[in-house]
1. I need the full set of residues from the range 192-217 which are within 16 Å of the ligand (Cβ to nearest atom) and at pLDDT below 95, in order please.
2. May I ask you to verify whether VAL119 is near the ligand (Cβ under 9 Å from one of its atoms), of a type in the set (A, V, I, L, M, F, W, C) and touching a Ser or Thr at 6+ places or on another chain (Cβ under 9 Å)?
3. Where residues in the range 144-163 are within 11 Å of the ligand (Cβ to nearest atom) and among the charged types (D, E, K, R), which of them is surrounded by the fewest Cβ atoms within 10 Å (Cβ to Cβ)?
4. How about the range 169-184: which of its residues are over 29 Å from GLU130 (Cα atoms) and either surrounded by 13 or more Cβ atoms within 10 Å (Cβ to Cβ) or among the aromatic types (Phe, Trp, Tyr) (or both)?
5. Which of the numbered conditions does GLN47 fail, given that it passes all the others? Conditions: (1) in contact (Cβ under 8 Å) with a residue 40 or more places away in the chain; (2) among the polar types (S, T, N, Q); (3) touching an Asp or Glu at 6+ places or on another chain (Cβ under 8 Å).
6. Can we say PHE139 is near the ligand (Cβ under 9 Å from one of its atoms) and farther than 24 Å from VAL214 by Cβ?
7. Give me a count of the residues in the range 178-205 that are over 18 Å from VAL220 (Cβ atoms) and without any contact (Cβ under 8 Å) to a residue 40 or more places away in the chain.
8. With hydrophobic (A, V, I, L, M, F, W, C) and free of Cβ contacts under 8 Å to residues at least 24 places away in the same chain as the only criterion, which of ALA167, ALA171, ALA163, ALA152 stands out?
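The values are calculated or read from the model by the stated rules, or taken from the named source; none is laboratory data. Keep in mind that this is a model prediction, so the values were computed, not measured. For neighbour counting, all protein chains shown are included, and Cβ atoms are generated from backbone atoms with ideal geometry for every residue, glycine included.
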Amino acid sequence: MAHQLRWQEANETERGDAPFRRQRDALVQQLAAEGIRDPRVLDAMRQVPRHRFVDAALQYQAYANVALPIGHRQTISQPYIVARMLELLLAPPQPNKVLEIGVGCGYQTALLAHLVPEVFGVERIQALFEQAKANLRPFRFANVRLKWGDGAAGLPEAAPFDAILVAAACAKPPAAWFEQLEPHGRIVAPMGDETAQWLTVWQQKNGQWVAETVEPVRFVPLVAGVE
Ligand code: SAH
């Protein structure tokens, strides 16, 4: 009986998700046309059902290439930007252990779970942290650990990381992020204020941290403390 119930549940989930799969494939095609090249990223985006990370009332928009509200004045980032950041993150040397700052609804976390062996995520808003955990639970990722906390401090108990991926903008990366990176490590983050931000990659060159700007972006600000 229990077995039959599980089968019914799985079957219904699949039936409900079928139209979304077509929309998701179309979105991935659009991302490829807009210049996302890394097949690993495109494949992960084909796998992760973005509609399961937004409110039911917004699901019909889940595969539009736009940011959407997730409550608490925060947003799930635009798919194109998420894909772009993941491409920058996965460029050689391929990172094994990644820290994500600003987990939000957990969508990007799910993509990371498909792409790297070890994922650590920090979110400062407790309600979103709980939401992300609930959203991720059905996928049973064994390689994801989440913490409620202020990501400006990094995650010292799990450091060092090969890469840090940040989903909220600040003027300058906190020293803790550099301190918690391997020498070959990198930070992929939006840098700037409310008026202008650039997607930026920080890496060491000849022992110095160097910032390379990629493209203009618009993110919510990195906020201190927890709530
Ligand atoms: N990747 C997320 C994007 C969420 S928006 C998604 O796909 O849903 C950015 C998130 O960063 C918000 O949830 C916000 O609460 C969080 N954030 C902002 N400042 C933070 C900080 N100092 N530490 C941890 N999370 C922070």
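1. Correct list: ASP193, GLU194.
2. Here the answer is no, as VAL119 does not meet what is asked.
3. LYS147
4. GLU182
5. (3)
6. No.
7. Summing the residues that are over 18 Å from VAL220 (Cβ atoms) and without any contact (Cβ under 8 Å) to a residue 40 or more places away in the chain in the range 178-205 gives 9.
8. On the way: ALA167 fails: free of Cβ contacts under 8 Å to residues at least 24 places away in the same chain; ALA163 fails: free of Cβ contacts under 8 Å to residues at least 24 places away in the same chain; ALA152 fails: free of Cβ contacts under 8 Å to residues at least 24 places away in the same chain.
Among ALA167, ALA171, ALA163, ALA152, only ALA171 is hydrophobic (A, V, I, L, M, F, W, C) and free of Cβ contacts under 8 Å to residues at least 24 places away in the same chain.
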